[in-house]
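Worksheet: one structure, shown below.
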Amino acid sequence: AQSVSQHNHHVILSEAASLELGCNYSYGGTVNLFWYVQYPGQHLQLLLKYFSGDPLVKGIKGFEAEFIKSKFSFNLRKPSVQWSDTAEYFCAVNVFRGKLIFGQGTELSVKP
Amino acid sequence: GAVVSQHPSWVICKSGTSVKIECRSLDFQATTMFWYRQFPKQSLMLMATSNEGSKATYEQGVEKDKFLINHASLTLSTLTVTSAHPEDSSFYICSASRPGQDGEQFFGPGTRLTVL
């Protein structure tokens, strides 16, 4: 069965630190990849997505992610986090009939 | 564009009663809608996929007679939790996808259900 794994359950950073959240998936075919963010008390919002083409994808709010097919990975990065980036981050993979498979989520806490 | 709404945003009910949650795509026609359940500090668990005019496809372990899904139009899907029990208390989230969007889903704000 397809699965998505996010390695970090809870990450704590100080403002201006760099961020990298890991995401690996298990599926050998073509995938579409997503990162969603859920700010406290709010609904899921799309940060970025990869369908095809350039494996380095840029999203909103300075986030980017790199698709490495050989490693089945789609890690999320941001060079300098802000306190307002405190949120839950979910990696998701779309493999079949539009179904999204979500990772466990990573809680990011940014200290001012 | 691509706004999805849910109603109600929260509901409290007594054990044994049924609760209906609505999911609407406000500015687009959704070919497919999805229902998720999210426990505190956990990920989203897909419950079912619904296409307009056809029966919903439920994920393994989800009771279709307990969680009734109706997708009557291209802009509305409903989830009815029948004979609710305290263990059904959770955060229910719907999402919708548009044709040709390569699987991108647009999420509603969620409905907090508390069963007493």
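Inter-label distance, B:Lys55 to B:Asp27: 3.7 nm, where each label sits 7 Å from its Cα along the C-beta direction.
When Rg and the Kirkwood Rh are both derived from Cα coordinates, the Rg/Rh ratio for chain A amounts to 0.95. For the peptides A:85-95, A:71-81, the ranking by mean Cβ contacts within 10 Å, running from highest to lowest, is A:85-95, A:71-81.
Here the Karplus relation 6.51 cos²θ - 1.76 cosθ + 1.60, evaluated at θ = phi - 60°, turns the backbone of segment B:83-97 into coupling constants of 6, 5, 10, x, 5, 7, 4, 5, 9, 9, 10, 10, 9, 9, 10 Hz, with x for every Gly and Pro.
For chain B, lysine pairs separated by 8 or more sequence positions, or belonging to different chains, with Cα-Cα distances below 17 Å total 5. The calculated pair-distance distribution of the protein assembly as shown uses every alpha carbon pair, bins of 10 angstrom beginning at 0, and gives 8, 32, 35, 20, 5, 0 percent. Between rounded, prolate and oblate, where does segment B:21-65 land on the alpha carbon gyration tensor, with a ≥ b ≥ c its root eigenvalues, rounded for a/c under 1.5, else prolate if a/b exceeds b/c? Note, shape of segment B:21-65 comes out oblate.
Phi-derived couplings, Karplus 6.51 cos²θ - 1.76 cosθ + 1.60 at θ = phi - 60°, listed residue by residue for segment B:55-72: 5, 6, 9, 9, 6, 4, x, 9, 7, 5, 7, 8, 10, 8, 10, 10, 10, 6 Hz, with x used for Gly and Pro. Cut-off 14 Å, label point 7 angstrom out along Cα-to-Cβ of A:Ser26: give me the residues of segment A:65-86 whose amide nitrogen falls inside. Correct set: A:72.
Spin-label model, A:Gln82/A:Ala16: points 7 Å from Cα along the beta carbon direction are separated by 1.5 nm.
Packing here is the average count of other Cβ atoms within 10 Å per residue, and on that basis the peptides A:8-18, A:29-39, highest first, run A:29-39, A:8-18.
Hey, could you get me the Stokes-Einstein D for segment B:11-93, Kirkwood radius over alpha-carbon pairs, 20 °C and 1.002 mPa s, rounded to whole µm² s⁻¹?
On the way: Rh = 13.2 Å.
The estimated diffusion coefficient comes to 162 µm²/s.
Gyration tensor over the Cα atoms of segment A:1-51: the corresponding equivalent ellipsoid has semi-axes (square roots of 5 times the eigenvalues, largest first) of 23, 15, 11 Å.
Each reported figure results from applying straightforward, stated rules to the coordinates on display, with no laboratory input. If you're wondering where the values come from, they're calculated on a predicted model, not measured in any experiment. So basically every Cβ, Gly included, is an ideal-geometry build from the backbone, and we count neighbours across all protein chains shown.
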